[in-house]
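Please read the structure below before turning to the comments.
Any read-out appearing in this document is the output of simple, stated calculations on the displayed coordinates, not a laboratory observation. Just so it is clear, the structure is predicted and the values come from calculations on it, not from any experiment. Every residue, glycine as well, gets a Cβ built from its backbone with ideal geometry; the counts of neighbours run over all protein chains shown.
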Amino acid sequence: MSSSFNNKLKSICELRKNRLCLGLDLDPEKLPIEIGNDLENMESFAKDIIDATIAFCPVYKPNLAFFERFGSKGYALMERLVEHINGRAITIADGKRGDIGNTTNQYATAIFDTIGFDAITVAPYMGRDSINPFIQNDEKGAFVLCLTSNASASDLQFSKKGNDTLYEYVAKLSVELNTKNNIGLVVGATNPSQMDSLRDISSGLSWLIPGIGAQGGDLVASISIGNKNGVGIVNVSRGILYAGNGSLDAIVESAQNYTNQIREIL
C-alpha cells in the first residue's frame, strides 16, 4: 500500500477498528486543580491519557493554542507529547495555518520536520497558495477547513461562488489538489444535512469531524457518511479530557464509550 497520508490514516483506523481522534486541548482552567498551570503535572497527565488510550485510539490532535499560551516551555511540552505518540498513532497539529509563500513554507518545515506532526489543519481563505506547501510530501497531510462546526460558519461558508456554496468550492479545490492522496477536509458534525452531498463531492478525501460531544454534533451521520468513499475521523476533546473531573479512569471510560459507539455505527 502507498505510504500516502490518507492511506496511513486508513490503515491505522482499520487496525484499531476505530475512528476516534482525541483532541489534546489542555485548558488549565478546566484541568484538575492540582494540575493547573504546572507544566510538569500537565505533561504527566497528558502522557497518562495517551498511554491509557493508544491501544484503541488511532489519532491525537494537539491544539497549538493551548501550548503556545505558555511560550517556549509550552511549545517544548507539545514537542515531547508528539514524540511520545509518534510511531504509535497519527498526530494532527490543530493550528489552522493560512498564510502564503515563504511564510507557509516555514510553517510546513516547523510542523512536519522540526516537531514531527503527521498532518495539520489549514485555512484556505488565501487560496491554493495556503495549501500547497503542506502537501508536497505525500506522507504528510493537510486538513482544509471546509464546513466547520462553529456558530458563525455560515457568515462565509454558505456564500455563493457561481453555482456552488463556498464550502462546496473549497471541497472541489481540495479534490483538484489531492494528487498525492494527502488532503482531507474539516467537516463539522453539526452539519448533518449537508454531509451527503459534500461526501459525494469530496470522494477519496479524509474527513476530520469536530463538533461531537460538547457541541452536540451528530455522531451517527458523521461516522456513516464520513466513512463512505473515504475515512472520517471524529474529534472529541472536552467530552473526554474533562470527564469525571480529570479522573484517569473516567477519561479512559469516556474514550472507550465513544469508541464503542463508533464501532456500533461502522
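A few points about this structure:
- Here the spin labels are modelled as points 7 Å beyond Cα on the Cα-Cβ line, and at residue 215 and residue 41 they lie 3.0 nm apart.
- Shape box of the chain [Cα atoms, principal axes, largest first, Å]: 54, 43, 40
- Beta bridge orientation in the chain: antiparallel %, DSSP, nearest 5: 5
- Between the Cα long axis of helix 72-85 and the first principal axis of the chain there is an angle of about 80°, rounded to the nearest 10.
- Efficiency of FRET from Cβ geometry, residue 161 and residue 109, R₀ 25 Å, rounded to 0.05: 0.20
- Angle between the chain longest axis and helix 248-265 axis [Cα atoms, degrees, rounded to 10]: 30
- For region 101-186, the list of GluC sites (Glu not before Pro) that fall in a loop by DSSP and count at most 15 other C-beta atoms within 10 angstrom reads 139.
- Region 216-266: trypsin sites (Lys or Arg not before Pro) in DSSP loop, at most 15 other beta carbons within 10 Å: 228
- Helix 5-16 vs. the chain, principal-axis angle (Cα, 0 to 90°, nearest 10): 50
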